[in-house]
1. Please calculate how many Å² of accessible area the range 61-108 carries per residue, with a 1.4 Å probe and no DNA, RNA or ligand atoms counted.
2. Give me a comma-separated list of calculated 3J(HN,Hα) values for the range 339-355, in order, Karplus coefficients 6.51, -1.76, 1.60 applied at θ = phi - 60°, integers in Hz, x for any Gly or Pro.
3. Take peptides 209-218, 359-368, 260-269, 111-120 and line them up by average Cβ neighbours within 10 Å, highest first, as a rough protection proxy.
4. How large, in percent, is the carbon and sulfur part of the accessible surface of the range 300-383 at a probe radius of 1.4 Å?
5. If you roll a 1.4 Å probe over the range 1-109 with all protein chains in place, what percent of the accessible area is carbon or sulfur?
6. Hey, can you find the accessible area per residue of the range 299-392 for me, probe 1.4 Å, expressed in square angstrom?
7. How many Å² of accessible area per residue for the range 144-269, probe 1.4 Å?
8. Over the chain, what is the relative contact order in percent, taking alpha-carbon pairs closer than 8 angstrom and at least six residues apart?
Amino acid sequence: MRTEDVVRTFIEFYEDREHRRITGSTLLPPPGDPVLFTTSGMHPLIPYLEGRPHPLGRRLVNVQRCLRTTDLEEVGDPTHLTVFEMLGSWSLGDYEGPRSLEWGYELLTEGFGIDPRMLYVTVFGGDEQTGPDLRSREVWERRGVPVEETVEDNWWPNRSSTGPCGPDSEIFLWTGGEDTPPESSPTKDERWVEVWNHVTMRHRRLDDGSLEPLPQRNVDTGLGLERLSTLLRGGTSVFECDVFDPWRRLLPGLWPLEESPFRVVSDHLRSSVVILGDGVRPSNTGQGYVLRRLLRRVLTVLRREDPHRTLGDLPDELVLHTLDHFRQDSVDPSDVRRMLLDEEERFDRLLERGGKVLSRPRFRGPLTEDDLRYLHDTHGLPRELVLNLREQ
């Protein structure tokens with residue numbers, strides 16, 4: 001399946017079960033929200049999870065683009081992307097967790113044709129505040145799907161977050177191949193890849209860490225589009241997903257790269273285009289700094305082997321493909337290219353200034369933490385840039 005087929009199958013499945021499709025929001029959270037970017041499909045729906053009536057009813061489904069800054073250092077491995085899409089379904093005080101899990105099993109095995117023997121799930125094992133999620137466990141055992149209990153990994157969002165939360169059941173697919181039957185569990189074998197999370201969202205976590213009941217019992221699910229699409233194609237890395245087909249076709253001839261740097265460059269450039277398309281501009285703080293950091297990392301990787309590489313050579317097709325895929329039709333591709341080049345020029349000026357500063361006698365030996373702090377605070381040289389310059 002291509003990603004568009006996965007989306008259509010998912011949406012139609014839930015529409016057949018009386019869910020109304022809602023329009024996914026941009027990467028930018030509502031004004032006043034403390035997070036930098038939308039991190040999950042549930043994020044824009046928090047007021048409705050807390051009890052406000054949704055204009056389209058109690059059963060919803062959508063596709064939401066997301067960005068998680070916590071995953072930036074993981075990009076390049078087989079499962080993480082900076083910007084990705086999440087397929088989501090919600091029950092706002094309607095049906096509860098067991099029905100959601102039954103539908104999830106049906107969609108995966110019948111809708112997507114996944115062999116049930118390739119499934120493993122985890123459920124919440126209970127802690128000092130709430131008991132084990134026995135109802136979810138019963139669903140999976142009835143279906144013959146193996147179950148592993150955890151505590152920290154099966155509560156969404158994590159315990160440091162406030163607001164709506166609850167125990168979850170995560171669904172994993174085996175990626176080790178049919179010739180290597182799965183024997184171990186998800187926490188013991190990384191060949192189990194999580195694709196879908198079903199949260200029974202019935203609590204609100206307060207600032208002091210305590211829990212109180214929500215006015216309604218909700219279900220929030222999130223399925224990683226690129227991960228599932230890749231696995232359905234028989235791939236093992238999200239960079240084998242069809243959304244990266246144009247990047248694999250065009251980048252190697254332009255910038256020959258090994259697999260790991262290719263993943264970083266293609267992911268960060270693609271993510272930068274999406275962030276620019278949602279109205280963020282490079283800056284030294286907040287959302288703009290995340291964008292700036294992505295582009296500087298791209299340029300650092302590209303020029304490690306060839307200092308003459310430039311974003312001016314980026315094919316128009318890749319910008320257009322990305323804007324089209326993320327439904328950013330109103331964005332002018334030429335504006336995106338101009339902003340990429342402006343940021344590259346700014347980076348080049350910073351490199352020149354940084355090289356002169358680091359050539360001073362004070363910085364010729366090993367750099368201390370005080371040196372790095374001084375270079376950042378006085379000369380505006382980020383730590384990662386200084387370390388990269390010292391490697392050259």
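1. Values: 1270 Å² over 48 residues.
So the range 61-108 comes to 26 Å² accessible per residue, rounded to a whole number.
2. Karplus values, whole Hz, x for Gly and Pro: 5, 4, 5, 4, 5, 5, 5, 5, 5, 4, 5, 5, 4, 5, 5, x, x.
3. Those peptides, ordered most packed to least, come out 260-269, 111-120, 209-218, 359-368.
4. Its accessible area is 48 percent carbon and sulfur atoms.
5. Values: 2180 of 4560 Å².
Result for the range 1-109: 48 percent of the exposed heavy-atom area is carbon or sulfur.
6. Ligands and nucleic acids excluded, the result is 59 Å² per residue.
7. Numbers: 5210 Å² over 126 residues.
I get 41 Å² per residue for this part.
8. 14
The values are calculated or read from the model by the stated rules, or taken from the named source; none is laboratory data. Since this is a predicted model, take the numbers as computed values, not measurements. Here the Cβ is made from the backbone with ideal geometry for all residues, glycine too, and neighbour counts use every protein chain on show. These accessible areas exclude ligands, DNA and RNA; they are computed on the full protein's heavy atoms, side chains included. Shrake-Rupley method; radii C 1.70, N 1.55, O 1.52, S 1.80 Å.
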